[in-house]
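Working notes, beginning with the structure itself.
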Amino acid sequence: MNDTYLKLTAFFGERQRADSRFLAEAMLDLYARRQVAESVMLRGIASFGPRHVIRSDQSLTLSEDPPIAVAAVDTAETIGGLIDDVIAMTKHGLITLERARLYSGELPDGDDGVKLTIYVGRRRRVNGAAAFYAVCDLLHRHRFAGATVFLGVDGTADGRRRRARFFSGNTDVPIMIVAIGTAEQARRALPELEGLMDQPLVTVERVQILKRDGQLLARPPALPAVDAHGRELRQKLTIHTDASTHHDGVPVHRELVRRLWESNTAAGATVLRGIWGFHGDHKPHGDKLIQYGRQVPVTTIVVDTPEVIAQCFDLIDDVTGRHGLVTSEMVPALLLLDGDIRQGATDLADYRY
């Protein structure tokens, strides 16, 4: 596993424009022209940012300008060659850069936590059913801590633009599956995954599991503010829950966003809804034709300085006291854009922990 990749993720409002076009459209056109290996556009269901405007799936205001996350993954050379163009077209938003490894048949020794990101086409089939069902079943069988399937509405696959259309099979419109487990679990599962699918693109990142099914396993690692060269470090908490799980009568993800917003600590948070998945010992599940309430996974993402993340964690720990999978990752570069105001940089910090 020697191929170093970068993952560039941009968070912004869907109605934001780049000149005369919507920003998401302009960004994905750029990725198609540069033949980015994989990119995917995801619509969120709740968020707030540095301007402290809260959007919730409880309010009709969400339909006016829902949050968007656009993730692109490719070699460091390719991503490095387009980052300035992405920054130039983004007036308001958050941009992160994270290191990843392209899985090519082996994993490093050890039993650290890992995050697998698996990219598949929306209509790709395994044994007559959508491929993501088979992937989640495989990961659950190998006792991964969790996996979430995100339905892309646009993106690139193998360097070609793939967008969802009403009168289309949408076979290659990207789906992104994010799975959390140990390196040993990944070593056992990935050869089977390759047997299920023809050369899937899989990236591997280091992650630390903090909570599983509400049980506290560890607190976020105490990272320094900067690395040895003075480059700022950021930290990401990801909270995996279900739309149907509640805290004091309120869906966990909605309560998390409200409390983070009211605390005035984190600069922002984004919630993405999955279509299928599992966490803990629960079987893979998602929406069904007849059911009470939505039974889908939801993921809440908070990225900030290590100091702020440490302050936020007690709040998150309380809300996820009975439910949820919580992970921590180091983010080596973050840039916050708000008109003429810029905070952070895209120089990658280097810190081993």
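Coordinate-derived values only; no laboratory data. Note that the structure is predicted; figures quoted are calculated from it, not measured. Ideal geometry is used to build each Cβ from the backbone, glycine not excepted, and the neighbour counts take in all protein chains shown.
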* Obtain the nm distance between the two label points defined at Phe22 and Asp158 by a simple spin-label model: each point lies 7 Å from its Cα along the Cα-to-C-beta direction. => 2.7 nm
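State to the nearest 20 debye the size of the charge dipole of segment 3-338 about its Cα centre, where the only charges are +1 on K and R beta carbons and -1 on D and E beta carbons.
Here segment 3-338 has a charge dipole of around 920 debye.
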* Between segment 308-346 and segment 33-47, the Cα center-to-center distance that results, in Å -> 20 Å
* GNM result for the chain, Cα springs below 10 Å: residue of Asp317, Asp29, Asp248 fluctuating most strongly -> Asp248
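If you take the Cα atoms of segment 22-168, find Rg, then find the Kirkwood Rh from the mean of 1/r over all pairs, what is Rg/Rh?
Numbers: Rg = 17.3 Å, Rh = 17.7 Å.
Taking Rg over the Kirkwood Rh, I get 0.98.
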* What is the set of long-range amide H partners of Asp242 at a cut-off below 5 Å, with H atoms built 1.01 Å from backbone N? -> Val298
* In debye, nearest 20, what is the charge dipole magnitude of segment 184-258 about its Cα centre with +1 on Lys and Arg Cβ and -1 on Asp and Glu Cβ, if you could check? => 360 debye
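Any chance you could tell me what percent of the C-alpha pair distances in segment 187-252 go past 15 Å? Intermediate values should be presented prior to the final figure.
Values: 1568 of 2145 pairs.
Percentage above 15 Å: 73.
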* Alpha-carbon centroids, segment 68-84 and segment 116-135: separation in whole Å -> 24 Å
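So, counting K/R as plus one and D/E as minus one, what does the shell of residues with Cβ under 15 Å around Gly230 add up to? Don't skip to the end; give the middle numbers.
Values: positive: Arg231, Arg234; negative: Asp227, Glu232, Asp347, Asp350.
With Lys, Arg at +1 and Asp, Glu at -1, the neighbours total -2.
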* Along segment 81-94, what does the Karplus equation 6.51 cos²θ - 1.76 cosθ + 1.60 (θ = phi - 60°) give for ³J(HN,Hα), rounded to whole Hz, x for Gly and Pro? -> x, 10, 4, 5, 5, 5, 5, 4, 8, 9, 7, 9, x, 10
* Computed log₁₀ I(q)/I(0) - Debye formula, equal Cα scatterers, no solvent, segment 3-338, q 0.10, 0.11 Å⁻¹ -> -0.54, -0.67
* Structure fact -> Zone reached by a paramagnetic label modelled 7 Å from Asp65 Cα along Cα→Cβ, restricted to segment 37-51 with backbone N below 14 Å, covers 47-51
* Asked: Considering amide H positions built from the backbone, and no H for Pro or chain starts, which residues 5 or more places from Thr156, or on another chain, come under 5 Å of its amide H?
  -> Ser39, Val40, Arg162
* To do: Determine the distance separating the Cα centre of segment 181-197 from the Cα centre of segment 250-268; give it in Å without decimals.
  => 35 Å
